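Notes follow once the structure below has been shown.
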Amino acid sequence: VASASGRSLKDERDRSAHGEAPVTDDALAAEVAIVGSGVAGALVAAKLAQRGVDVALIEAGPKISRSDALDAYYKAPVRGLDAPYPKPAYAPYPLRSDPDGYCIERGPDPFGPSYLRVVGGTTWHWEATCLRLLPEDLRLRSRFGLAVDWPLSYDALEPWYGAAERELGVAGAATDDLGSPRSDAYPLPAMPLSYLDLQVAKALAGSPYLPHPTPQARNTVPWNDRPTCCGSASCVPICPSAAKYDATVHVEQAVAAGAQLLDRSVVYRIDVDGNRRITGLRFRRPERTEGHVRAKVYVLAAHGIETPKLLLISRSERSPDGIANSSGLVGRNLMDHPYKLSWALTDQPLWPYRGPIRLSGVDSTRRGEWRAERPAFRISIDNAALSWPLGGPVATVRALIGEGLRGADLQRAIRHQTSRQIGVFSMTEQLPDPANRIEPDFERRDALGIPRPQIHFRLDDYTGKGLAFAETVHEQIFGLIGTTAIQHRAGATPGSHIMGTYRMGEDPRTSVVDPDLRAHDHANLFLLGSGVFPTGGAANPTLTIAALALRAADPIRDAVQA
Amino acid sequence: LGTGAWRGATAENSFDRFMDLSRQLTGQTMLDPIVGRLFYDALAQSEHAGALARLLAEGKVDDDQAGALEEQIVLQWFTGIYRSGAATRTATYEGALMWSAMAVPGPPGFCHGGLGFWSQPEG
């Protein structure tokens, strides 16, 4: 990597002397510049650097120390998703404590975005569920007359799913393909189920809703210098031991192989020449200095909101609608996995809040001929009980104290309730709708003067049917388990899976990137992440993000040599 | 709790009485005085200050203000969290009484044992 060396800095000054570019405090050159150090960017950075490509990996947010993050988590009075992480003004992200503080929700329904801008990205607080999409998930148009088909078949993706499972270290039950055919075994043995999962599986045996062990990127044996899971019960928002995969694994691999990591560097502009080649990236640092990156190939991997925002704010006379946007689809077709959350008290204590937070789920509901009428869904049995809907056992403790319980009575009541709480959550497939979209708000800017994202979002009747159906299934499940005090959160709860905003397809008129994730409009620009998903299935997106990123590594390297 | 002997209390034995009251309200005999000091000082500067002084001076007060104060004291000990002016602060994470009341091996965010201990019922 040429890096911020004298050579490239001098090049910048020479160019500046000729009036071509402003003086920059920080300039570097690389063969491939990657924006975003989450799972997609980090994987590609590692794979390319290991094959001798000069890589610059640029991240808006700071590096994180796990012990500092843990300390912040312990000290936070509200221990939500973002509690452990720095909240830099220069690289803002949506905070649960201030939902409109950065992304501006235009409605009519809340999208509820959640992501981090730190080295390693949102994998710091991901759940580590590693489901593959189903073959029929990629063919919604052909099979059910809905939305669009993916431009890739399951068979084309399958080897890359295997590669992604090896990179992330997925633990899974050897006999379960969960409807997604496999050519090889999971790399790690399955995660042991909790007592709660085991009792629920017994209760649901013989019903259509038998849960299966969930494949997950959490170590069941020591793997890639990371330890075995020690049951900290805090996977979301932070794993204290690093037994849960996060993308710092591949950031470190990339750096060890020679990639240059620039953290605290917020890319705000993509430059393009008259031949539609991307010529550079400009970034700002918290000290308000400016930087400039020149590369042969550019990769944006800043997730489903920041990536389209960056493309759209880089509008110029040469690209008045933004970069990569001849289709007009950049930022559009935003999809989530809207959830139905239900919870209850089990008749017998099942002892939740111990071990990994999600261990089993119902996958049979992800497929079926009825998908033309209502969405595929996946039911997770939550081992962290009410942590998601109510913020954890602290809500129970507050309620019992509020009822006037004191002393030994209070202690007994806390034990009684928290040992019987159960959460059953269904994730539903949402169809793409071009009106659901991310746009930059040029009137409202962040601390560095960069337009903030605004979100237009509406849930349709198809989603409504799915949520209503899921609620009836939750009732059946609670009946079979034996519960009281059943509650359902009204309407949808955001899953914060950000998908679809720069969709993949063969036709440049109806998609933004091709199946290699190359922008139709720019031969040296690749866009990674769940923004490329034409549809979302009912599977957590990360494993598919990783598989597609690994698949794109070869075309990206070929583009360097072109 | 006694009453008469408390009259004319000094600041120091007010704190001792606060700890006595805390033990009574929580049902826990072992309470960390360093954590207790944080709670006590915060309450003494809060809207509960008057009720706190009366409760500690007289031992028992039956009114809504005293009830609200007692609820705050119990909440502080069980959650480890207290209000200090406009801020909400954590006095102790792992020392919050809710974790020992729950049937869990410890608060989330610490290693709790070998792989799969969660497959067995607790206790």
Which value in nm describes the separation of the simple spin-label points at B:Ala57 and A:Gln561, placed 7 Å from the Cα toward the beta carbon? 8.7
Residues of segment A:385-422 with accessible area at least 50 Å² lower in the all-protein-chain context than alone (1.4 Å probe)? A:Arg398, A:Ile401, A:Arg406, A:Gln411, A:Arg415
Counting only DSSP loop positions in segment A:415-473, the trypsin sites (Lys or Arg not before Pro) whose Cβ has at most 14 other Cβ atoms within 10 Å are A:Arg458
Rounded to the nearest 10 degrees, what's the angle between the helix B:33-44 long axis and the longest principal axis of chain B, both from Cα atoms, 0 to 90? 50
Placing each pseudo-label 7 Å from Cα in the direction of the beta carbon, A:Ala89 and A:Thr279 end up separated by a distance in nanometres of 3.5
Could you work out what % of the accessible surface of chain B is carbon and sulfur, using a 1.4 angstrom probe and leaving DNA, RNA and ligands out of the count? 50
So how much slack lies between A:Asn224 and A:Arg318, counting 0.36 nm per residue of separation and subtracting their Cα-Cα distance, in nm? 29.2 nm
With a Förster distance of 56 angstrom and the Cβ-Cβ distance between A:Gln348 and A:Arg166, calculated FRET efficiency to the nearest 0.05 equals 0.90
Would you mind calculating the gained length between A:Glu475 and A:Asp507 on full extension (0.36 nm times residue separation, minus the Cα-Cα distance), in nm to one decimal? 7.1 nm
Excluding same-chain residues fewer than 8 positions from B:Lys60, which aspartates and glutamates have a Cα within less than 13 Å of its Cα? B:Asp20, B:Glu70
With Cα coordinates, the longest principal axis of chain A makes an angle with the long axis of helix A:461-481, in degrees rounded to 10, of 40
Rolling a 1.4 angstrom probe over the protein heavy atoms, how many square angstrom per residue are accessible across segment A:469-562? 30
Using the Cα centre as the reference, give the magnitude of the dipole from point charges on the C-beta atoms of segment A:411-562 (Lys, Arg: +1; Asp, Glu: -1; all else neutral), rounded to the nearest 20 debye. 820
Taking a temperature of 20 °C and a viscosity of 1.002 mPa s, what whole-number D in µm²/s does Stokes-Einstein yield for segment A:113-208 with Rh from Kirkwood over alpha carbon pairs? 133
Candidates per trypsin sites (Lys or Arg not before Pro) in segment B:22-123, loop by DSSP, up to 15 other Cβ within 10 Å: B:Lys60
Charge dipole of segment B:3-123 about the Cα centre (unit charges at C-beta), most positive-ward option of B:Phe117, B:Gln28, B:Gly59: B:Phe117
Can you give the Rg to Rh ratio for segment A:227-386, taking only C-alpha atoms and Rh from Kirkwood? 1.09
Global size of segment A:228-267 as Cα Rg and Dmax, reported in angstrom: 13.5, 38
Sorted largest first, the Cα spans of segment B:64-123 on the principal axes come out in Å as 47, 23, 12
From the phi of every residue in segment A:99-109, what ³J(HN,Hα) in whole Hz does the Karplus formula 6.51 cos²θ - 1.76 cosθ + 1.60 yield, where θ is phi - 60° and glycine or proline is x? x, 9, x, 10, 5, 9, 7, 9, x, x, 9
Dividing the convex hull volume of the alpha carbon atoms of segment A:70-128 by its residue count, what do you get in Å³ per residue? 99
Within segment A:348-380, find all residues whose amide N lies under 12 Å from a label point positioned 7 Å from the Cα of A:Ala468 along Cα-to-beta-carbon. A:374
FRET efficiency (A:Ala205, A:Ser183; Cβ distance; R0 30 Å; to 0.05) is 0.50
Fraction in percent of alpha-carbon pairs per bin - 10 Å, chain A: 4, 18, 29, 27, 14, 6, 2, 0
Area hidden from solvent between B and A (accessible, protein heavy atoms only, 1.4 Å, total, Å²): 3300
Quick one: net charge around A:Arg358, please, counting Lys, Arg +1 and Asp, Glu -1 for every other residue with C-beta under 15 Å from its C-beta. 0
Phi angles of segment A:448-460, converted by Karplus (6.51 cos²θ - 1.76 cosθ + 1.60, θ = phi - 60°) into ³J(HN,Hα) in whole Hz with x for Gly and Pro, give 8, x, 8, x, 8, x, 10, 10, 9, 8, 9, 8, 9
Loop only per DSSP, at most 13 neighbouring Cβ atoms within 10 Å: give me the trypsin sites (Lys or Arg not before Pro) in segment A:267-334, ordered by residue number. A:Arg288, A:Arg318
With the other protein chains left in place, how much accessible area per residue, in square angstrom, belongs to chain B at a 1.4 angstrom probe? 48
Phi angles of segment A:545-562, converted by Karplus (6.51 cos²θ - 1.76 cosθ + 1.60, θ = phi - 60°) into ³J(HN,Hα) in whole Hz with x for Gly and Pro, give 4, 5, 5, 5, 5, 5, 5, 7, 4, 5, x, 5, 5, 4, 5, 5, 7, 5
Checking a compactness column here: for segment A:434-562, what do you get for Rg(Cα) / (2.2 N^0.38 Å), N being the number of residues? 1.42
Cα→Cβ-extended label distance, 7 Å offset, between A:His416 and A:Thr289, nm: 6.3
Tail weight of P(r) past 16 Å, computed on alpha-carbon pairs of segment A:104-168, percent: 67
FRET E, pair A:Arg458, A:Gln50, Förster distance 30 Å, beta-carbon r, rounded to 0.05: 0.10
Just the number, please: Stokes-Einstein D of segment A:208-300 in µm²/s, Kirkwood Rh from C-alpha pairs, 20 °C, 1.002 mPa s. 125
Farthest positive-ward along chain A dipole, Cα basis, beta-carbon charges - from A:Thr484, A:Thr289, A:Gly172: A:Thr484
Suppose every Lys and Arg Cβ carries +1 and every Asp and Glu Cβ carries -1, with no other charges. What dipole size does chain A come out with about its Cα centre, to the nearest 20 debye? 800
For segment A:370-457, with only Lys/Arg (+1) and Asp/Glu (-1) charged at the beta-carbon, what is the dipole magnitude about the Cα centre, in debye rounded to 20? 400
How many percent of all Cα-Cα pairs in segment A:439-506 sit more than 21 Å apart? 55
If Lys and Arg each add +1 and Asp and Glu each add -1, what is the summed charge of the other residues whose beta carbon sits under 12 Å from the beta carbon of A:Arg66? 0
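The values are calculated or read from the model by the stated rules, or taken from the named source; none is laboratory data. Source: prediction; values computed, not measured. Reconstructed Cβ throughout: ideal geometry from the backbone, glycine too, with neighbour counts over all protein chains shown. Side chains are part of the model used for accessible areas, which takes the heavy atoms of the whole protein and leaves out ligands, DNA and RNA. Shrake-Rupley method; radii C 1.70, N 1.55, O 1.52, S 1.80 Å.
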